[in-house]
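Here is the structure we will look at.
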Amino acid sequence: MIKNLIIPIDISILSERSIEYSLNLEKVSNGLKITLVGCGFEEEVINKKTLEYLEKIKAQISNTTTIEVVLANGKFHEEIGVIANSVEDPLILISAFKASKNKDHFSSQDVIKIVDAAKQHILYLPEEEFDSQIKKIIYPIHMQSRVRHKATFTARLAKAFNAEVDIVSTQINLKEKKKKMCSLYCQQVSNHYKSIGIPISIHSVEGSNLATTVSTYSVENNADIISIIPEDKNDIRLFATSYLQDLLSKVTIPTLIIAGRKVKYSGSFSAAGG
């Protein structure tokens, strides 16, 4: 499914979740390379812990998967960005963790920094307990700032795990014309997914806050992942970033943050946003 999996880790229990989740992704990714990026703390301490994780993963991966260790010496979000942008087809797997002795360093703002630095797909794991199986993916669609969720990587993930995609029209403060446009786009995505054999459902939700509505719907419908895109680079940055920050502060299940690159599909389906 992917060629390079980049995992920032520290010495906390939350990094254990990233390791466990990575093994789930490894099972469906032939020829995968895993890069463990040790962040924060003294070099000797983080190096020791990183090597422990290395041995744990090596004992459970297939012989087609390779693994390496890198220690981040400077600003970890910048170094993660450099690593991600130097390899082909990467996915950054991030858990909520402490990269500093003195504070909860890894916040939703740090995710934004990595999104900006890497410009690659990111799978964010929250602090709460969650099921590591991927059976249902929530694909929310809204019309604000032309931010639309791109279908390609979500489709790859769904196909790899035989997961259902729940396409959700989030009609937050929309006038009737915009609601119709949102529904039409949902149908367009639905038709594309049906054509490539992905099971789908379509729903519509309303609410006063986009992040709260998406987060609440995902929990109530037993989702395993929410697929979002933070922004279209041609749009107003402030709104999309605040939506991403707001959502990450509320979610209790893994969130797939799709890189904002133009995607065009064969046939009639195309998208410049998600």
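What length, rounded to one decimal in nm, is gained on full extension from Ser201 through to Lys58, with 0.36 nm per residue of separation minus their alpha-carbon distance?
Gain on extension, Ser201 to Lys58, equals 47.7 nm.
Which percent of the accessible area of region 170-229 is formed by carbon and sulfur heavy atoms (probe 1.4 angstrom)?
51 percent
What does the C-alpha gyration tensor say about the overall shape of region 21-73? Classify as rounded when a/c is under 1.5, otherwise prolate if a/b is larger than b/c, or oblate.
Here region 21-73 falls in the prolate category.
Of the GluC sites (Glu not before Pro) in region 1-77, which ones lie in a loop per DSSP and count no more than 11 other C-beta atoms within 10 Å?
Here the sparse-neighbourhood loop sites are Glu42.
Pull out the extension gain between Val28 and Asn222, defined as 0.36 nm times the separation in residues minus the alpha carbon to alpha carbon distance; nm, one decimal.
Value of the extension gain: 67.6 nm.
How large is the dipole of region 139-225 about the Cα centre if only Lys and Arg carry +1 and Asp and Glu carry -1, each at its Cβ, rounded to the nearest 20 debye?
Here the size comes out at about 540 debye.
The values are calculated or read from the model by the stated rules, or taken from the named source; none is laboratory data. Predicted model, so just to flag it, every value in this text is computed and none were measured. Here Cβ is always computed from backbone atoms with ideal geometry, including for glycine, and neighbour counts include all displayed protein chains. Quick note on the areas: whole protein, heavy atoms, side chains included, nothing else; ligands and nucleic acids left out. Shrake-Rupley method; radii C 1.70, N 1.55, O 1.52, S 1.80 Å.
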